[in-house]
1. Does residue 33 qualify as being under 15 Å from residue 314 (Cβ atoms), touching a strand residue (DSSP E or B) at 6+ places or on another chain (Cβ under 7 Å) and either at pLDDT 95 or above or assigned by TED's automatic domain parsing to the domain that holds residue 129 (or both)?
2. Please state which of the following conditions residue 118 fails to meet, knowing it meets all the rest: (1) over 30 Å from residue 287 (Cβ atoms); (2) touching a strand residue (DSSP E or B) at 6+ places or on another chain (Cβ under 6 Å).
3. Answer yes or no: is there a residue in the range 85-108 that is assigned to a helix (DSSP H, G or I), assigned by TED's automatic domain parsing to the domain that holds residue 353, surrounded by fewer than 19 Cβ atoms within 10 Å (Cβ to Cβ) and at pLDDT 90 or above.
4. For the range 191-210, which positions are surrounded by fewer than 23 Cβ atoms within 10 Å (Cβ to Cβ) and more than 17 Å from the chain's Cα centre (by Cα)?
5. Determine which member of the set 415, 430 is assigned to a helix (DSSP H, G or I), at pLDDT below 95 and out of contact with any strand residue (DSSP E or B) (no Cβ under 9 Å at 6 or more places or on another chain).
6. Go through 395, 379, 403, 391 for me and flag whichever is touching a residue at least 12 places away in the same chain (Cβ under 8 Å) and under 27 Å from residue 290 (Cα atoms).
7. Mind listing just one residue for me: the one in the range 245-261 that is in a loop (DSSP other than H, G, I, E, B) and in contact with a helix residue (DSSP H, G or I) (Cβ under 9 Å, 6 or more places away or on another chain) and, of those, surrounded by the most Cβ atoms within 10 Å (Cβ to Cβ)?
8. Starting from residues that are loosely packed, with under 14 Cβ neighbours inside 10 Å and under 23 Å from the mean Cα position of the chain (by Cα), keep the ones in the range 65-84 and report whichever is farthest from residue 335 (Cα to Cα).
């Protein structure tokens, strides 16, 4: 039976939610191209919606799906090349990176006030090249929160207590110890893993007390909490607790440990809410899995907010049609259906306030969604600042690559911190010069 998620929990995401509505007239027979990536089944759902949009309007949309690891570089090359290479719309996670290429749809949508009332100013500013502007550019396809998953079946088989079941605020050390014990007893190869991503590292480091911003708002890497988190990651590798190929064998790319978790080879997996739908499909009834709260520490218990947005690009030859499509997709009726079918946390205030009747009978999925929704009020101010900082991806990439070098012995942690700081400072200088 479908279930209505807790309204109280859904209200918690209003501060970071976005929204949208219907639009303007367009020319029949126009063809648009949308650059897209998938975390789960959302590509199939989006294709179904686009087919319906074409039936209603005569406007066709080609869904050009690429790997997330390649998405931003592909889009960067296309928008800079011009000459018809760029898509008309793109789904992106690094909102700030493409500020100069977004289409302003304020004068093209049916009701701009609808967007203003449902999108927080801080999020709208992440799109804007000029923060004094009132421009509108797109809507969120979903809201996400980083956090861990566990294989409950393995804990039961090992006879080891699940820390979050027994303790009010288990730490990263508590989880590492428990997961290692489970792996040893059950003979599994891996106890813990975290996606190869600076973004994924931010949450644990904040929990362990990292301070990323000075009094002037500049990003500063050096802190005790950052070192503690980095040392824990290195120790996981030194003690053979984590699959080495995730951080060491993936070149200069993002990599995840989801396959090890799905196949039952991993006890504790730090990733995020976007995995829920895929786990429901890929794990099925192979074992009992669950989302658990982020571990606690000196910096609290925090993940990182996130998600993706679908934005129009100002290189399009069909701005009115792009605005019409965005208005249609972001309307409450269509976005509610997309949310329910993809099992995403919604990024629309109206939908969040009224609840979502998710298209699943899986109690595990519903429990996981509620667990991540409960994480939203715990997100720290620094978590939001990192997510929406225009320097966030520079920091993310530098952390990912330099910590890998520490793991393999190419750099000391001191050297890695220095290199990460240099990368962020260079990105900040380039941004200032561009302005």
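1. yes
2. (2)
3. Yes - at least one qualifying residue is present in the range 85-108.
4. Within the range 191-210, just 209 meets the criteria.
5. Of the residues listed, the single one that is assigned to a helix (DSSP H, G or I), at pLDDT below 95 and out of contact with any strand residue (DSSP E or B) (no Cβ under 9 Å at 6 or more places or on another chain) is 430.
6. One residue alone meets the criteria, 379.
7. My answer is 257.
8. Top of the filtered list is 77.
The values are calculated or read from the model by the stated rules, or taken from the named source; none is laboratory data. Everything quoted here is computed from the prediction, not taken from an experiment. With ideal geometry, Cβ positions are generated from the backbone for all residues, glycine too; neighbour counts draw on all protein chains shown.
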